[in-house]
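Heads up, the thing below is written out as structure tokens.
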Protein chains: 2
Amino acid sequence: MSSRRPSSVVIREVGPRDGFQNEPEVIATADKIRLIESLGRAGFTRIEVASFVRPDVIPQLSDGVEVLKGIHLPSTVSRMVLIPNSRGLDNALAVREYFDEASIFVSASETHNLKNINRAVEQTMADDKAMATRILDAGLKLDAVIATSFGCPYEGKIPLDRVLGLAERFAEMGATEIGFGDTTGMANPAYVSDFFGAAFERLPGVELTAHFHNTRGQGLTNAYAALEAGCESFESSFGELGGCPVPAGSTGNIATEDLVSMFEEMGVDTGLDLDLVIAAAREAQSTLGRKLTSHSILAGPVDWTGTLVDH
Amino acid sequence: MSSRRPSSVVIREVGPRDGFQNEPEVIATADKIRLIESLGRAGFTRIEVASFVRPDVIPQLSDGVEVLKGIHLPSTVSRMVLIPNSRGLDNALAVREYFDEASIFVSASETHNLKNINRAVEQTMADDKAMATRILDAGLKLDAVIATSFGCPYEGKIPLDRVLGLAERFAEMGATEIGFGDTTGMANPAYVSDFFGAAFERLPGVELTAHFHNTRGQGLTNAYAALEAGCESFESSFGELGGCPVPAGSTGNIATEDLVSMFEEMGVDTGLDLDLVIAAAREAQSTLGRKLTSHSILAGPVDWTGTLVDH
């Protein structure tokens, strides 16, 4: 094997933002804080905890400041917030001491960007550049995310060169981590392998993060393909919460507990306690009062002790 | 990439045996025939259609002979039946003209074999040898399956050498295809890659088939890892029907439509019409009257035309 598989990876838990945002009911602030702290105990070093979006647009996240102020996490945890625009950044910087990194974003698809945030890609890139300067000036770690990196339901295939060109511009803005989002679950493992092979060549020294959806059941396969291409940074959501459901009704993000189960079984160190990740997902299931769709919630970790008594 | 990825694969649809067997309610013979014929229209060249088990043990499959006699399939379809013992083989050979290949099996785990068919592994291998001769004498294609190839809930890890040793003995018996079953979903893609790498070296000229379960969500990943190691033959079940639910309540087989979606998106030819595979799975969902768990049933194929009008 010419695999460039790393021996360890870092997984950012995005459920408290990407997951909670997509819940039909607004989750109580105290419940959010409790669930985030459960994630902290499971060993995550990166958690996306809030987004500074307009509360009238996304009421599910309107308590971001209370969540940031309320959570008690180990000092090893880097708290990430998503910044959609300069107004959001104003609000975020007002509570700057409560988080560690900020993420700006654009969609590689012109149409998706317009529909998502009502801006042309070049307008967004100009806004992002201005925000990047302010984020770095505040002493924060700067992340950037490129949505629809692997395809767009409105535009179809997005040229690799367009995606990596945007990534290079984010790197020039000072982003030390760039995430590639498979926003509507259109990636396949052959393309992912080629994609990350090219991305690592063009973006040396930048941490590249893979964010896949499980829309057609192959989210973990895409994560594996990225891993084999050398990717060491992943995003996922506990309980398989959230993600953009396109087509309507389909699943979104890959489940953190399934990703951790796979990596740990492979001998790739995640630094996480799988039992505690599953416990956090089960706690979310109980809090939300509906059956979540991850596999490990039901199956639990692989039992290699051979102690099952009967079928 | 040093990938040994083939440009095309063959997928055996096992739902009509492995899936229907695990349904709580016995499916009407006419419904089975209709669903199998839908699969035939989707382009499958291999379908597992029946098992000659005792009707008092598995009433779900007691109409095997009627199904075999009733189905009308294109001549390109090889109809496979599972043979558990010599009595089952007697019954199968009585209707020999209605099928094309027969599969014998053993579990690599002594404990699993005992619990599954109440025989020691060596007793089973002796029985299988006698049955292999009769199957070949009848002019049928001989397949062999090794269950728990990637781990056993009773015994834990199963040494690779033990599994491949059994495979070599099946090849000596005249099996031209040997399937490796991840009966309780314990495989991981790193092990699968190593496993098939070693298997292809030790079993030249034998067709090796991968049969994975989606117990912890990584069934498709294991299929991809096998593909990258050169595997060209797979088994899966439409609608994600069936498979051994260990731990109880967990999912079993990987979904054919999700596997086809992944391979076709990668540019690996399955010879199947994905729309018709999904249609067959939706028909099964309708016949069974419950929501099935495959992703593609809900999401449909990837739409690269970019024609989605809105979220």
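Coordinate-derived values only; no laboratory data. Since we're looking at a predicted model, the values are computed, not measured. All Cβ positions, even for glycine, are placed from backbone atoms using ideal geometry, and neighbour counts span all protein chains on display.
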Just add up the charged neighbours of A:Ile158: K/R +1, D/E -1, any other residue whose Cβ is under 12 Å from the Cβ of A:Ile158.
-2
Which whole number gives the average count of other chain Cβ atoms within 10 Å of the Cβ atoms across peptide A:156-166?
1
Hey, for B:Gly139 with labels 7 Å out along Cα-Cβ, what do the inter-copy distances come to in nm, ordered shortest first?
8.5
Expected sort for A:Thr251, A:Thr184, A:Thr293 with the fewest Cβ neighbours (10 Å cutoff) up front is A:Thr293, A:Thr251, A:Thr184
In chain B, lysine pairs closer than 20 Å at Cα, eight or more apart or cross-chain:
5
Would you order A:Val81, A:Val65, A:Val10, A:Val57 from fewest to most other beta-carbon atoms within 10 Å of each residue's own beta-carbon?
A:Val57, A:Val65, A:Val10, A:Val81
Asserting the computed 222 nm helical MRE of chain A (DSSP H runs at least 4 long, -39500 (n - 2.57) per run, divided by residue count, to nearest 500) equals -12000 deg cm²/dmol
Which whole number gives the average count of other chain Cβ atoms within 10 Å of the Cβ atoms across peptide A:208-221?
6
A student asked for the Cα radius of gyration and Dmax of the stretch A:10-299 in angstrom ought to give 17.4, 47
Quick one: net charge of A:Val121's neighbours, Cβ under 15 Å, K/R +1, D/E -1?
-2
Sorted by Cβ density within 10 Å, fewest first, the residues A:Met186, B:Met262:
A:Met186, B:Met262
Suppose each label sits 7 Å from its Cα in the direction of the beta carbon; what would the B:Asp269-B:Ser8 distance come out to in nanometres?
0.4
Rough spin-label spacing in nm, given labels placed 7 Å along Cα→Cβ, for B:Arg41 and A:Thr287
4.8
Between B:Lys69 and B:Glu97, the two model label points (7 Å from Cα along the beta-carbon direction) sit apart by a distance in nm of 1.2
So, over other residues within a Cβ distance under 9 Å of A:Leu274, counting Lys, Arg +1 and Asp, Glu -1, the net charge is -4
Looking at the protein assembly as shown from every direction and averaging, what is the projected area of its Cα convex hull in nm²?
25.9
